[in-house]
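Quick notes on the structure that follows.
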Amino acid sequence: MDDMQDRRFPVGAGILLGLGLGGFFDGIVLHQILQWHHMATSAGLPADTLSNLRLNVMLDGFFHAATYLFTAAGLFLLWRDARKEHFRWSARLLFAAMLMGFGLFNLVEGVVDHHLLGLHHVNETVPREQWVYWDIGFLVWGAAMLVGGWAFYRGGRASHPA
């Protein structure tokens, strides 16, 4: 690997941190605080019985464990690269990469869990015919973060060569 490649900002670390933060936001805010849905509430396991709620909370825990692994991997990559000789990194690049990761989380989770698998929907507390609007809004929010993060990253790379 050439010297300049070793000095580049570790965008993968920021994306992993953003994926983890996106997952934590979803799990903590939407699953736990607002209780709009749990992991499998639209997959035949509505949280209307104690046994279904217990299973959904366990699945939410596995989901949180995965987001924890994304965050830990991002921190490890950032720490590993921070120990190398490098140019001063920009906070803008870190924010941009994390924003891209958060947006990527929303897009992948929204497409896979909400639309393809139908495991749950963003807001299951509203009438069923409105669920699709919340799901689409979640995707638009994710796309806006991904595109905005990419724009910040490109601007940051132009003003910060390393």
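Of note:
- Within segment 62-87, being surrounded by 12 or more Cβ atoms within 10 Å (Cβ to Cβ) and not aliphatic (A, V, I, L, M) holds for 63, 64, 67, 68, 70, 71, 74, 76, 81, 86, 87.
- Here residue 159 fits the description: surrounded by fewer than 13 Cβ atoms within 10 Å (Cβ to Cβ) and hydroxyl-bearing (Ser, Thr, Tyr).
- Taken over segment 112-147, residues that are outside any loop (DSSP other than H, G, I, E, B), surrounded by fewer than 15 Cβ atoms within 10 Å (Cβ to Cβ) and in contact (Cβ under 8 Å) with a residue 12 or more places away in the chain amount to 4.
- Filter result for residue 90 (loosely packed, with under 13 Cβ neighbours inside 10 Å and hydroxyl-bearing (Ser, Thr, Tyr)): no
- Top-ranked residue of segment 1-57 - restricted to ones that are of a type in the set (D, E, K, R) and either modelled with pLDDT of 95 or more or in a loop (DSSP other than H, G, I, E, B) (or both), ranked as surrounded by the fewest Cβ atoms within 10 Å (Cβ to Cβ): 2
- Taking the criterion of being within 15 Å of residue 97 (Cβ to Cβ) and of a type in the set (Phe, Trp, Tyr), the only residue of segment 58-75 that qualifies is 70.
- Taking (1) among the polar types (S, T, N, Q); (2) touching a residue at least 12 places away in the same chain (Cβ under 8 Å); (3) closer than 20 Å to residue 40 by Cα in turn, residue 159 satisfies each apart from (3).
The values are calculated or read from the model by the stated rules, or taken from the named source; none is laboratory data. No experiment lies behind these values; they were computed from the predicted model shown. Cβ sites come from the backbone with ideal geometry, for glycine too, and all protein chains shown count toward neighbours.
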